[in-house]
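Engineer: Below you will find the structure I want to go over with you.
The values are calculated or read from the model by the stated rules, or taken from the named source; none is laboratory data. Values in this document were obtained by computation on a predicted structure and should not be read as measured data. So basically every Cβ, Gly included, is an ideal-geometry build from the backbone, and we count neighbours across all protein chains shown. Ligands, DNA and RNA are excluded from the accessible area calculation, which covers all protein heavy atoms including side chains. Shrake-Rupley method; radii C 1.70, N 1.55, O 1.52, S 1.80 Å.
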Amino acid sequence: MTELLEQTPSPFHRGEQIAQTRVGLREQMERFGRRVIRDHMPEQHQEFYRQLPFLFVGHADRDGWPWASILFGEPGFISSGDAQTLDIRSLPVAGDPLAETLIPGTRLGLLGIELPTRRRNRLAAHILETSKEGVHLMIDQAFGNCPQYIQTRELDRVDPATMPASHVEELVQLDSRAQTLIQQSDTFFVASSVSNGSGEASEGADVSHRGGKPGFIRVDNPGTLTIPDYAGNNHFNTFGNFLENPRAGLLFLDFEKGHLLSLTGTVEIDWDASEAKHFEGAQRLWKFHIDHGRWINHALPLRWKLDSYSPNSLLTGTWEEAEDLRNADTRRSQWSPYTVKKIVDESSVIRSFYLEPELSPAATFQAGQFLTVKIPIDGRDTVRTYTVSSAPNDNHLRISVKKEKPEDPALPAGLFSNFLHEHLKVGDGLEAKAPCGAFTFNAAEQRPAVLLAGGVGITPMVSMARHALIEGVRSRYIRPTTLISSARSADQRAFYDELNAIAAQSGGHIRHFSLLSQVDDSTEPGRDYQQKGRISSQFLQSVLPIDDYDFYLCGPGTFMQAMYDMLRDLGVDDARIFAEEFGPASLHRTADQSTEILEPAPVAKAAIVEFTNAQVEQAWSAGDGNLLEFAEAHGLTPEYGCRSGQCGACKTSLLSGAVTYQSAPTSPLEENEVLLCCAVPALVEGEEVSRLAIKL
């Protein structure tokens, strides 16, 4: 790579390289850019421009302010005699700043975009000659762009003779009309420019498309806009220019009336914006501060009718939705009401419940996390935790619950799961806290993943697989994922068709293998399952190419321990094995050099524990167990769910004293909070008997 960099000039200038480096894509984009960024137009690009009825142009005026403009004509108004020149027989509309910069030598950025098909291509060029009909250009760079965030629109034309006379209104701030257009826009165009005197092809002007759902641009005040930046082609042409020259030109089209709103001003990039956390799809934010601009009224004899939003746009948010999500996240530790909207039998023993929040929307979550649910059963609030089997981008929460029936009929059946299966109906309500948990899946990770599921342990895995596929649509990268599920029989297996559909839609990036312990004449190998029996090291080695994997385990305790031991025997590092554990049972791990070992604070030998609400004060000793068990032993009935530090249902306030944890909790905790189910009094130096005060 170093030799390549030294041999030929980069297709990217310094600002673009800095942006690529910041996001960790510098070498990847250099390799990619050298293959796709050319100094000429391929024949298909020449043909593409010839059929366009309009073209967007980025340029800078004599004072260095960038502007985005539009040129239009009948298809064929753009032509090329060869691969390195382009003729445009069109002039700017009256009042467009482009008219002042059409002189030989001027650098232009061009964007050809076909809205009905969502095709687009970019050019960097400079003017060789001008005439009363248009301009003759030399191509400096040419490259294609992906169709992300382009809404499809159908073009119509009106007779210019029927249009009112065009006129210009100058702006130094956004008037109410401009604010309304911006807030309702799903598309705009941004121009930027850089000139450092190097003469490189990557210098000059650029114009780019930006799209999203209406409401994706926030008007902060009459002079400032805040705009999300989504996953794109990673060239960082626009942001690279901003880093060299923090100015931008924005162009908004009134698609229905033919008006143009053209603005120019300064920009600032917020690479690590906290607000982006709640804006779906946003990787960072940037602000635009208007310096001046203009309305060009009745500028275009072109009209566009919205056909459909881009699938990528539909995966992104709006500022109103972001605010709702932020408010929902402030309620993460509170019980919120949900309504059952749909119930689906996934197998003979697993049933899915689709939940809709009454306080819309639900809080954000990560694939693999679980929902803590509360329902009154037999007159008492009962709490359990269930993994979310839907993906974070789905418009619902789905939990998938196995009906627990013991093999010994003398033992009681699962109270909560049986209630859900036998009594919960569509339209019923329940309460839940925001999803949480440390067993999560990063779809952007480059390392391939292997998901090993046993029985109902398939629930977080289907969420992870769905998330990997949906993120692939949004980011154009699907993390290589192999999901291997093990079930007793075909009738007890859940999500088989859904997982096969995910694999088919992924183009081979996600694979699904199903193993059954019991088969009969109705199941055909290769069609209904891949192998009879349980997951073995031989099977893993037969379907996994040699590589460095992250392994995710979920299922009953015996299944996960067997999978963990098998992976360790195969030489997999402890740190590369992630597990979701049911209930209080913990996975017995064998440490290696990759294992992070956290030493808990020493446990007190004796303590006085006060439960303040109940006005109970009792002596605790090491044999009394955790604080949840201790409270129950003294007649108190605190809420709990998982009893393993995951769900947070037993969280309460620690008013004084100190605790330590027998196992590290995964539920988030504030400084003065305690999880009763896994906390015990901590040893306090200088105190023979520790003292605790807990709100309960």
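Engineer: I'm checking my understanding of the structure. Among residues of region 548-561 that are open to solvent by 50 Å² or more (accessible area, probe 1.4 Å) and in contact (Cβ under 8 Å) with a residue 24 or more places away in the chain, which one is farthest from ILE458 (Cα to Cα)? Lay out the reasoning, then the answer.
Structural biologist: So in region 548-561, the residues open to solvent by 50 Å² or more (accessible area, probe 1.4 Å) come out as 548, 556, 558.
With the extra rule that they be in contact (Cβ under 8 Å) with a residue 24 or more places away in the chain, the set shrinks to 548, 556.
Numbers: ASP548: 23, PRO556: 11 Å.
Among them, the one singled out is ASP548.
Engineer: Going residue by residue through region 24-33, is there one that turns out to be closer than 24 Å to ARG118 by Cβ, touching a residue at least 24 places away in the same chain (Cβ under 8 Å) and more than 28 Å from the chain's Cα centre (by Cα)?
Structural biologist: no
Engineer: Determine whether VAL674 is of a type in the set (Val, Ile, Thr), modelled with pLDDT of 85 or more and out of contact with any helix residue (DSSP H, G or I) (no Cβ under 9 Å at 6 or more places or on another chain).
Structural biologist: Numbers: of a type in the set (Val, Ile, Thr): yes; modelled with pLDDT of 85 or more: yes; out of contact with any helix residue (DSSP H, G or I) (no Cβ under 9 Å at 6 or more places or on another chain): no.
Taking the combined requirement at face value, the residue does not satisfy it.
A quick yes/no check of all residues on (1) part of a loop (DSSP other than H, G, I, E, B); (2) within 19 Å of SER390 (Cβ to Cβ); (3) modelled with pLDDT under 95:
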| residue | (1), (2), (3) |
| --- | --- |
| GLY427 | yes, no, no |
| LEU430 | no, yes, no |
| VAL450 | no, no, no |
| ALA453 | no, yes, no |
| VAL462 | no, yes, no |
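Engineer: Here's a follow-up. Do you know which residues across region 113-147 are among the small types (Gly, Ala, Ser), within 17 Å of GLY81 (Cβ to Cβ) and touching a residue at least 12 places away in the same chain (Cβ under 8 Å)?
Structural biologist: The initial filter retains those residues of region 113-147 that are among the small types (Gly, Ala, Ser), namely 124-125, 131, 134, 142, 144.
Among the residues that remain, those that are also within 17 Å of GLY81 (Cβ to Cβ) are: 125, 131, 134, 142.
Answer for region 113-147, where residues must be among the small types (Gly, Ala, Ser), within 17 Å of GLY81 (Cβ to Cβ) and touching a residue at least 12 places away in the same chain (Cβ under 8 Å): ALA125, GLY134, ALA142.
Engineer: Looking at region 159-181 only, could you name the residues that are under 32 Å from the mean Cα position of the chain (by Cα) and open to solvent by less than 40 Å² (accessible area, probe 1.4 Å)? Before you say what the answer is, go through the steps one by one.
Structural biologist: Kept after step one, since they are under 32 Å from the mean Cα position of the chain (by Cα), are these residues of region 159-181: 174, 178-181.
Across region 159-181, the qualifying residues are LEU174, ALA178, LEU181.
Engineer: Can you tell which of ASN393, ASN418, ASN327 is closer than 27 Å to PHE216 by Cα and either in a strand (DSSP E or B) or free of Cβ contacts under 8 Å to residues at least 40 places away in the same chain (or both)? Please lay out each step first, then the result.
Structural biologist: Numbers: ASN393 fails: either in a strand (DSSP E or B) or free of Cβ contacts under 8 Å to residues at least 40 places away in the same chain (or both); ASN418 fails: closer than 27 Å to PHE216 by Cα.
Going through ASN393, ASN418, ASN327 in turn, the sole match is ASN327.
Engineer: Name the residues in region 86-95 that are open to solvent by 10 Å² or more (accessible area, probe 1.4 Å) and either among the β-branched types (Val, Ile, Thr) or touching a residue at least 60 places away in the same chain (Cβ under 8 Å) (or both), would you? Step through it out loud before you land on a result.
Structural biologist: Going through region 86-95, the residues open to solvent by 10 Å² or more (accessible area, probe 1.4 Å) turn out to be 87, 89-95.
Hits for region 86-95 are VAL93, ALA94, GLY95.
Engineer: A follow-up question, please. So which residues in region 116-142 are more than 14 Å from GLY58 (Cβ to Cβ), surrounded by 14 or more Cβ atoms within 10 Å (Cβ to Cβ) and touching a Lys or Arg at 6+ places or on another chain (Cβ under 6 Å), if there are any at all?
Structural biologist: If the condition is that a residue be more than 14 Å from GLY58 (Cβ to Cβ), surrounded by 14 or more Cβ atoms within 10 Å (Cβ to Cβ) and touching a Lys or Arg at 6+ places or on another chain (Cβ under 6 Å), then GLY134, ALA142 are the ones that fit.
Engineer: Taking ALA83 as the residue in question, decide whether it is of a type in the set (Gly, Ala, Ser), surrounded by 18 or more Cβ atoms within 10 Å (Cβ to Cβ) and more than 23 Å from PRO301 (Cβ to Cβ). Don't jump to the end; show me each part of the working.
Structural biologist: Working: of a type in the set (Gly, Ala, Ser): yes; surrounded by 18 or more Cβ atoms within 10 Å (Cβ to Cβ): no; more than 23 Å from PRO301 (Cβ to Cβ): yes.
Here the answer is no, as ALA83 does not meet what is asked.
Engineer: Got a number for residues in region 336-363 being crowded, with 17+ Cβ neighbours inside 10 Å and either part of a loop (DSSP other than H, G, I, E, B) or at pLDDT 95 or above (or both)?
Structural biologist: Going through region 336-363 one residue at a time, the tally reaches 13.
Engineer: Let me ask something else about it. Do we find a residue being assigned to a helix (DSSP H, G or I), open to solvent by 10 Å² or more (accessible area, probe 1.4 Å) and in contact with a His (Cβ under 8 Å, 6 or more places away or on another chain) anywhere in region 500-511?
Structural biologist: yes
Engineer: Say we look at region 145-158 and pick out the residues that are out of contact with any helix residue (DSSP H, G or I) (no Cβ under 7 Å at 6 or more places or on another chain), at pLDDT below 95 and not hydrophobic (A, V, I, L, M, F, W, C); which of these is most open to solvent (accessible area, probe 1.4 Å)? Before the answer, list the steps.
Structural biologist: Taking region 145-158 as the starting set, the residues that turn out to be out of contact with any helix residue (DSSP H, G or I) (no Cβ under 7 Å at 6 or more places or on another chain) are 145-147, 150, 152-158.
This time we only want the ones that are at pLDDT below 95, so: 145-147.
Restricting the remaining residues to those that are not hydrophobic (A, V, I, L, M, F, W, C) gives 145, 147.
On the way: ASN145: 21, PRO147: 55 Å².
Applying the filter and picking the extreme gives PRO147.
Engineer: So, in region 94-126, how many residues would count as being aliphatic (A, V, I, L, M) and more than 40 Å from the chain's Cα centre (by Cα)? It would help to see each step written out before you state the result.
Structural biologist: As a first pass, look at region 94-126 and keep what is aliphatic (A, V, I, L, M): 94, 98-99, 102-103, 108, 110-111, 113, 115, 123-125.
Filter once more, keeping what is more than 40 Å from the chain's Cα centre (by Cα): 94, 99, 102-103.
Residues that pass the stated criteria total 4.
Engineer: Which strands (runs of 3 or more DSSP E) does region 182-287 wholly contain that include 1 or more residues that are within 23 Å of ILE70 (Cβ to Cβ) and more than 29 Å from the chain's Cα centre (by Cα)? Steps first, please.
Structural biologist: Numbers: elements: 187-194, 204-211, 218-221, 224-229, 247-253, 260-270.
It comes to 187-194, 204-211, 260-270.
Engineer: If you take the residues in region 268-309 that are hydroxyl-bearing (Ser, Thr, Tyr) and at pLDDT 95 or above, which one is most open to solvent (accessible area, probe 1.4 Å)?
Structural biologist: Filtering region 268-309 down to residues hydroxyl-bearing (Ser, Thr, Tyr) leaves 274, 308-309.
Filter once more, so that each one left must be at pLDDT 95 or above: 308-309.
Working: SER308: 51, TYR309: 76 Å².
My answer is TYR309.
Engineer: Tally the residues that are open to solvent by 10 Å² or more (accessible area, probe 1.4 Å), polar (S, T, N, Q) and under 22 Å from SER475 (Cα atoms), restricting the search to region 223-243.
Structural biologist: Within region 223-243, residues that are open to solvent by 10 Å² or more (accessible area, probe 1.4 Å), polar (S, T, N, Q) and under 22 Å from SER475 (Cα atoms) number 3.
Engineer: Now a separate question. When you check ILE470 against the structure, is it open to solvent by less than 50 Å² (accessible area, probe 1.4 Å) and over 29 Å from the mean Cα position of the chain (by Cα), yes or no?
Structural biologist: Numbers: open to solvent by less than 50 Å² (accessible area, probe 1.4 Å): yes; over 29 Å from the mean Cα position of the chain (by Cα): no.
In short, no.
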